[in-house]
Every structure is written in C-alpha cells, then in structure tokens.
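Only the coordinates and a few stated rules stand behind these numbers; no lab work does. If you're wondering where the values come from, they're calculated on a predicted model, not measured in any experiment. Because the Cβ atoms are built from the backbone with ideal geometry, glycine has one as well, and the counts that use them run over all protein chains shown.
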Amino acid sequence: MRMVISHLTRMHGGHICVAGVDLQTRRHVRPVLSTGPISSHLLARYGGPFEMAHVVDLGRLRPRPEEPHVEDYILVPSWVKVERTAEAHEFWNLLHEVTATRFREIFGEALKAVGHMRLGTEPGCGSASLGCLRPRDPPQLYLAAARDGKRQIRIKFTDGAMRADASVTDLRLYGDDHATPDADKVRGVAKWILDSEGVLLGVGLTRKFRPSEQAAYVHYLQVNNIHLKEEPTWQLG
C-alpha cells in the first residue's frame, strides 16, 4: 500500500500516531503495530520513515478495523520505504480531494455533543475516525491550562452546524520531547491561520477515554494537524 502522510500526531509516553491517504483508494489509513503504539524513533528526524507529506510504501498490511477506528491496519516497520516528499501543490490538492465541510460527512450520525463544545462518539459506534475538514471560519488556536497545571494546545472551530473546542495533537507544535507545547510555534501558527488564504484541519477520534472513573468512555474529537495553503508540506524537521 502506498500512502501520503497527512496526520502526524503526538501520543503519551514518547509515542506517535501516523496516518494518511491511500493513493489508490483515496481513503484514510492508519498503520498501527500489533505490539502497541508507534515509537517516536520512527520519525524521519531520527532516521525513520515518517514525516508530514512523505509518500511511503507500507508493504502488505493486514486490516484490523474496530469501530470507529475502521482505518487501522497492522504494520511491519521494516517493510516501510520512503519514496519521496509530495510537492506542495500535489499535497494540497490531495487534501482538498478528501476534505469534507461537515463533521458528520466524516464521522457519521454517531458524532454528538459530549460536553460544552466537546464532540465525540460512544465506543463501538461510528463509521470513521479520521478525516479532513474545511472549517467555515478561521479557527482559533490557543494555549489553555490543563487539569494537571500544564499547558494544553486547543482549537475552537465550527463547520457551521456544530461547534468544537478540541485538543490539538499536531506533533509540529510541540518541543523536542514531543510532549511540551511550543508556545512560540502555537502563537505563530495562530497568527498564520488568521492570515492564511486556506486552512484545512486533519481531524480524528481518540481511543476511548474517560476523564474520571465516574464518567463514561468516549472517543473524543481532536485536531490531529493544521494544514495551511501557504506551506502545506510544513515538516517537523
């Protein structure tokens, strides 16, 4: 399978999530390991294959769908080969090809409000967990205080029918530890969004999570990546 990487996000514990668009089917694909999360050591900056806009040959993948994460395929890292980096216009056009203008075009009717400006689906529900959205208005990117006292990157945006205030896991907005928000980058991208002639958001649903033992499990909506027309292939480096 040949894929263009369009989702590159941080996870806890020095791990990452990688996903993209299958060049043959134009469907979203998320390669995962059978043994657990993907290590950040597989990033291109450390000699690995994964970077934004890389065209990669993933080899033969085995599907492992589980609603709503129907895009999951088991990956063998040693089979991954980097072919090239997509050209900026090529990458932007591909994103536009798979972009929706409504949340429910991506996630289906299972997506619902799960709190104030929080969206998500119940476990085992939903027809997708990855997509690309063109927001109706310029999103508002900002830093917020998390419950543990640390800062959290968040973004407010709308499709015109539903509003969301979601966490942002775009790996390019974090420091070298892939965990600490880079405040300067966040402020710079926030301004860039307002000045940009085109903003697309890579969106996804988390693995099931509950903030407390009393709460129900939910797959929360998050923003995986922010794509800007002026430099769509912006990379981690």
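General observations
- If a spin label sat at a point 7 angstrom from the Cα of V82 along the line to its beta carbon, the backbone N atoms of segment 166-194 nearer than 17 Å would be those of 171-172.
- GNM top mover of G108, G20, G149 - the chain, alpha-carbon springs below 10 Å: G149
- Cross-link reach list, lysines versus K112, counting only Cα pairs under 27 Å and skipping chain neighbours closer than eight places: K156, K208
- The distance from the alpha carbon centre of segment 1-77 to that of segment 175-220 is 18 Å, rounded to a whole number.
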